[in-house]
Structure formats: C-alpha cells, structure tokens
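Worksheet: the structure to be examined is printed underneath.
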Amino acid sequence: MTPSYAGPDARPDPGPGRRLGVDFGEVRIGVALSDPSGVLATPLVTLHRDRSSGADLDALVALVTEHEVVEVVVGLPRTLAGRHGPAAQAATDYARTLAKRLGHRVPVRLTDERLTTVSVTRVLAERGVRGRKQRAVIDQAAAVEILQGWLEARRAAR
C-alpha cells in the first residue's frame, strides 16, 4: 500500500507527531491512531456515520485535537483496476468535508486501500472472530491497516 494520492490537501509532510487513520464507510467509520514517532498504528474507536448532523465528523475533529494529531489519512477504496468508483468518490468527499471542519490546520490525505477490509475480515475469521464480534472491530482493524501502510510507505520514501 503506497501513499499514491495526496488527496484534498497537498501540503508537505508536517513532520513528527501522531497520525489518525480513517476507514470511511457508509455506516461506520473506523479510526486508528499512531504513536508520536509514527511507527505503530493502533485501533482507537469506531464511529457511527451520521449524515444528518455530522456528529462523526465532529468526533473526528475532537480526536484530532485531543491527541494532537498532525495529519489525517483516509482510505481511498479504488476499484481493483485502480479506478475511482462511487465508494472512492464518497471517501474523497468525506475527506474534503473533514479538512474543512478542521479549518485546514491539519492535512487530510487519501491513500489507496484496495482490499483492506477484505484482508482484515479474512485475518479476523482465521483468528476465530466472527459475526457481531467481527463487525465490532473490523472497521478499527481496517483503519489500522490503512494507517500502518501509510506510515511504512512514508518511512520507505525517506
């Protein structure tokens, strides 16, 4: 997984600090957080998508402030052929809206996340986590996968 698309914010790397990973979904938003050195991503929370009031966006803004996040990474679900389908457009729109809510003070990036949820689902099933238990953690695990891939690609690019 490489940071192949800068997203709605093409500002340069903000330097050291925590990153927030976001697995955007129509029903749930998985969130992961990196350590301050940007080496390890860990699950943080799953938010319920709220199209009417935007409470999920407000919660993300609060998490950015609470954890002193310097950059947000949103998964971009491209098609297997690498194209932008409806899901990628929805994730892009969400990232733009989040950037506006943050007042553009923290860069919001998009990164390719093809098959992230599929691979996480498979790993959880192999570990015996199924059904409701799986749904409770899958979005956070996908956010960890997205953020960890971003962090590793960033280190490799240096």
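This table checks each residue for (1) assigned to a helix (DSSP H, G or I); (2) surrounded by 12 or more Cβ atoms within 10 Å (Cβ to Cβ); (3) at pLDDT 85 or above.
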position	(1), (2), (3)
ARG122	yes, no, no
ARG135	yes, yes, no
GLN140	yes, yes, yes
ALA143	yes, yes, yes
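Can you pull out the strands (runs of 3 or more DSSP E) entirely within segment 13-81 that have at least 1 residues that are over 14 Å from the mean Cα position of the chain (by Cα), of a type outside the set (Val, Ile, Thr) and closer than 18 Å to VAL144 by Cα? Once the strands (runs of 3 or more DSSP E) in segment 13-81 are filtered for at least 1 residues that are over 14 Å from the mean Cα position of the chain (by Cα), of a type outside the set (Val, Ile, Thr) and closer than 18 Å to VAL144 by Cα, what remains is 41-48. For the residues GLU126, GLU68, the requirement of being of a type in the set (D, E, K, R) and modelled with pLDDT of 95 or more singles out GLU68. So for segment 76-90 (the condition being under 20 Å from GLY15 (Cβ atoms) and among the aliphatic types (A, V, I, L, M)), does at least one residue qualify? No; the residues of segment 76-90 include none that is under 20 Å from GLY15 (Cβ atoms) and among the aliphatic types (A, V, I, L, M).
Among the residues of segment 34-55, how many are touching a residue at least 40 places away in the same chain (Cβ under 8 Å) and in contact with a Leu (Cβ under 9 Å, 6 or more places away or on another chain)? Qualifying residue count, segment 34-55: 9.
Tallying residues that are within 17 Å of ARG28 (Cα to Cα), surrounded by 16 or more Cβ atoms within 10 Å (Cβ to Cβ) and either of a type outside the set (A, V, I, L, M) or at pLDDT 95 or above (or both) within segment 73-90 yields 4. Restricting segment 25-45 to residues that are in contact with an Asp or Glu (Cβ under 7 Å, 6 or more places away or on another chain) and surrounded by 20 or more Cβ atoms within 10 Å (Cβ to Cβ), the residue that is modelled with the lowest pLDDT is GLY25.
The values are calculated or read from the model by the stated rules, or taken from the named source; none is laboratory data. All values reported here derive from a predicted model rather than from experimental measurement. Here the Cβ is made from the backbone with ideal geometry for all residues, glycine too, and neighbour counts use every protein chain on show.
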